[in-house]
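Q: Can you read through this structure? Questions will come right after.
The values are calculated or read from the model by the stated rules, or taken from the named source; none is laboratory data. Please read all numbers here as calculations on a predicted model, not as lab measurements. All Cβ positions, even for glycine, are placed from backbone atoms using ideal geometry, and neighbour counts span all protein chains on display. Ligands, DNA and RNA are stripped out before the accessible areas are found, and what is left, the full protein with its side chains, is counted by its heavy atoms. Shrake-Rupley method; radii C 1.70, N 1.55, O 1.52, S 1.80 Å.
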Amino acid sequence: MGITQASDEAWMRYAIRLAQRAEQRGEVPIGAIIVKNDQCIAEGWNTPIATHDPTAHAEIMAIRKAGVALQNYRLCDATLYVTLEPCVMCMGAISHARIKRLVFGAFDPKRGAVCNALSLTDASFLNHWVNWTGGTLEEECRELLKDFFRARR
């Protein structure tokens, strides 16, 4: 399939389905997948509430599973798709894992560590820089979060 807007949108739809899975379990609806050679090698969704683990963000869950699947903590040439701009913790993990490309849906103006609160994709103190694309199916990803928090208020 290769990297195209259509393939990015198809993978993001997969991540949205995972976000919906998180929501069904009472978690903040964020989903993530890791793709290498046009195949999903790992998936994850938010589970901090169920696991009592503040690090159980969708990206971290997917990165952990991808490392096991590849038998390597380095995920070179992989793309991570996630429904929300990653936070500082997740961007640290993405950089350490050497993920080549990041595609996210909704921007996070308050906590986003890609291009909003921080810009960690090309920070000079890191030894790995991540190529990124933001706003893929942005409205769908943003609405999923808005609807979740609206229902909780």
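A quick yes/no check of all residues on (1) part of a strand (DSSP E or B); (2) hydroxyl-bearing (Ser, Thr, Tyr); (3) within 10 Å of the chain's Cα centre (by Cα):
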| site | (1), (2), (3) |
| --- | --- |
| MET61 | no, no, yes |
| ALA66 | no, no, no |
| ASN72 | no, no, no |
| CYS76 | no, no, no |
| TYR81 | yes, yes, yes |
| PRO86 | no, no, yes |
| MET89 | no, no, no |
| ALA93 | no, no, no |
| ILE99 | no, no, no |
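Q: Go over the candidates ASN127, ASN131 one by one and state the one that is polar (S, T, N, Q), modelled with pLDDT of 95 or more and loosely packed, with under 14 Cβ neighbours inside 10 Å.
A: Criteria check complete, one pass: ASN131.
Q: So which residues in region 127-141 are over 17 Å from TRP45 (Cβ atoms) and outside any loop (DSSP other than H, G, I, E, B)?
A: Answer for region 127-141, where residues must be over 17 Å from TRP45 (Cβ atoms) and outside any loop (DSSP other than H, G, I, E, B): ASN131, TRP132, THR133, GLY134, GLU138, GLU139.
Q: Please work out which one of (1) open to solvent by 50 Å² or more (accessible area, probe 1.4 Å); (2) over 27 Å from GLU139 (Cβ atoms); (3) over 13 Å from the mean Cα position of the chain (by Cα) is the condition ILE41 fails and give its number.
A: (1)
Q: Quick check on this structure: which one of ILE3, ILE41, ILE60 is within 22 Å of ASP108 (Cβ to Cβ) and either in contact (Cβ under 8 Å) with a residue 12 or more places away in the chain or in contact with a Phe, Trp or Tyr (Cβ under 6 Å, 6 or more places away or on another chain) (or both)?
A: Selected residue: ILE60, the only one of ILE3, ILE41, ILE60 that is within 22 Å of ASP108 (Cβ to Cβ) and either in contact (Cβ under 8 Å) with a residue 12 or more places away in the chain or in contact with a Phe, Trp or Tyr (Cβ under 6 Å, 6 or more places away or on another chain) (or both).
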